[in-house]
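The values are calculated or read from the model by the stated rules, or taken from the named source; none is laboratory data. Since the structure is predicted, the reported quantities are computational estimates derived from the model, not experimental observations. Every residue, glycine among them, receives a Cβ derived from its backbone with ideal geometry; neighbour counts consider all protein chains shown. Keep in mind that these areas ignore ligands, DNA and RNA; they rest on the heavy atoms of the full protein, side chains included. Shrake-Rupley method; radii C 1.70, N 1.55, O 1.52, S 1.80 Å.
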Amino acid sequence: MNMGVQQSHVKVLPGDPPVEIVLRRSARARRMTLRVSALDGRISLTRPMRVSEAEAMRFASEKAPWIRAQVARLEPVRRVALSVAIPVEGVPLAVCSGIPGVDAAGIRVSTTRPPGPQVAAILKTLARERLAAAVVRHAAALDLSPGRLTLRDTRSRWGSCTGRGDLMFSWRLVMAPADVLDYVAAHEVAHLRHMDHSRAFWATVERTRPDWRDQRDWLRTHGPALHAWSFAAD
């Protein structure tokens, strides 16, 4: 029997502006919980199995002022365009025309195609280079053997490690300062030894990143700004 979330669908809470709420029905829930994601602004309401959809929406209506206050505090969407400066390894670089690539002068893209997808492709390539090198370095220092490395545009986590030793990272880490990216690589490599967040795990992280708290705090504070960038073609 699945004891987790059983159902999930989207409802609209009327108002100015109307907001979408992801309703989740969970066998594990003992009370209704309302969350607004700091990463993508998604609003979710989890309800116990016994609570009806109508009752859940009444609860959301009562919390509407709080919901809209939280949404108002979210980072505004930032769209990629020519002349716009985008952080690359913590340094703002302007998008400019030229042969596609990136260096200290800027992020060059072709003017015959939308800049967003081009910039995203350039950042993904750079992210793979930086993360692969960091993983190899940290794994060697700890005498560990990582598996396959993949990149995704995840919203809920910056990295993950599977039981087989495969590592996944958000390519948006390449927009953060280099030390932040390096910390996340060290964090996931440490999971090759400890698949938890025990004291032993953090001690392992500290062996290669003694300043891990500073880098973790940076992500908690500035991570939503990295997710606010839209690389869509329109």
Under the condition of being open to solvent by 10 Å² or more (accessible area, probe 1.4 Å), of a type in the set (A, V, I, L, M, F, W, C) and closer than 30 Å to Pro76 by Cα, which residue from segment 184-225 is farthest from the chain's Cα centre (by Cα)? Trp212
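Could you tell me which of the residues Arg30, Arg58, Arg24 is open to solvent by 30 Å² or more (accessible area, probe 1.4 Å), over 24 Å from Phe231 (Cα atoms) and assigned to a strand (DSSP E or B)? Quick ask: steps written out before the conclusion?
Details: Arg30 fails: assigned to a strand (DSSP E or B); Arg58 fails: assigned to a strand (DSSP E or B).
Of the residues listed, the single one that is open to solvent by 30 Å² or more (accessible area, probe 1.4 Å), over 24 Å from Phe231 (Cα atoms) and assigned to a strand (DSSP E or B) is Arg24.
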Please work out which one of (1) hydroxyl-bearing (Ser, Thr, Tyr); (2) exposed (fewer than 13 other Cβ atoms within 10 Å of the Cβ); (3) in contact with a His (Cβ under 9 Å, 6 or more places away or on another chain) is the condition Ser145 fails and give its number. (3)
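Taking the residues in segment 172-183 that are buried (at least 22 other Cβ atoms within 10 Å of the Cβ), closer than 16 Å to Pro224 by Cα and of a type outside the set (Lys, Arg) as candidates, determine which candidate is nearest to the chain's Cα centre (by Cα).
Just the residues of segment 172-183 that are buried (at least 22 other Cβ atoms within 10 Å of the Cβ), to begin with: 172-176, 180-183.
Add one more test, that the residue is closer than 16 Å to Pro224 by Cα, and what stays is 172-176, 180-181.
This time we only want the ones that are of a type outside the set (Lys, Arg), so: 173-176, 180-181.
Values: Leu173: 9, Val174: 12, Met175: 12, Ala176: 12, Val180: 13, Leu181: 12 Å.
Selected residue: Leu173.
Let's see how each residue does on (1) under 19 Å from Glu129 (Cβ atoms); (2) in contact with a helix residue (DSSP H, G or I) (Cβ under 7 Å, 6 or more places away or on another chain):
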residue	(1), (2)
Ala139	yes, yes
Ser145	no, yes
Arg152	yes, no
Arg164	no, no
Leu167	yes, yes
Leu173	yes, yes
Inside segment 156-215, the number of residues satisfying the requirement of being over 28 Å from Asp103 (Cβ atoms) and small (Gly, Ala, Ser) is 8
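Count, please, the residues in segment 50-109 that happen to be aliphatic (A, V, I, L, M) and within 17 Å of Val12 (Cβ to Cβ).
Narrowing segment 50-109 to residues aliphatic (A, V, I, L, M): 51, 54, 56-57, 60, 64, 67, 69, 71-72, 74, 77, 80-82, 84-86, 88, 91, 93-95, 99, 102, 104-105, 107, 109.
In the following step, the residues that additionally are within 17 Å of Val12 (Cβ to Cβ) were identified as 54, 56-57, 60, 64, 67, 71.
So the count comes out to 7.
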For Ser83, indicate whether it is open to solvent by 60 Å² or more (accessible area, probe 1.4 Å), over 23 Å from Arg157 (Cβ atoms), at pLDDT 95 or above and not basic (Lys, Arg). yes
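Filter segment 138-161 down to the residues that are part of a strand (DSSP E or B) and within 30 Å of Ile43 (Cβ to Cβ) and list them by number.
Applying the first criterion (part of a strand (DSSP E or B)) to segment 138-161 yields 149-152, 159-161.
The answer is Thr150, Leu151, Arg152, Gly159, Ser160, Cys161.
Please indicate, with yes or no, whether at least one residue in segment 59-71 is polar (S, T, N, Q) and within 24 Å of the chain's Cα centre (by Cα).
Filtering segment 59-71 down to residues polar (S, T, N, Q) leaves 61, 70.
Cutting the leftovers down to within 24 Å of the chain's Cα centre (by Cα) gives us 70.
Within segment 59-71, one or more residues are polar (S, T, N, Q) and within 24 Å of the chain's Cα centre (by Cα).
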Does Gly159 satisfy the condition of being of a type in the set (Gly, Ala, Ser), within 16 Å of Arg209 (Cβ to Cβ) and open to solvent by less than 20 Å² (accessible area, probe 1.4 Å)? yes
Only residues that are surrounded by 15 or more Cβ atoms within 10 Å (Cβ to Cβ) and part of a loop (DSSP other than H, G, I, E, B): list them for segment 43-55, please. Val51
Scan segment 126-160 for residues that are within 30 Å of Arg78 (Cα to Cα), touching a Gly at 6+ places or on another chain (Cβ under 9 Å) and free of Cβ contacts under 8 Å to residues at least 60 places away in the same chain and jot them down. Leu131
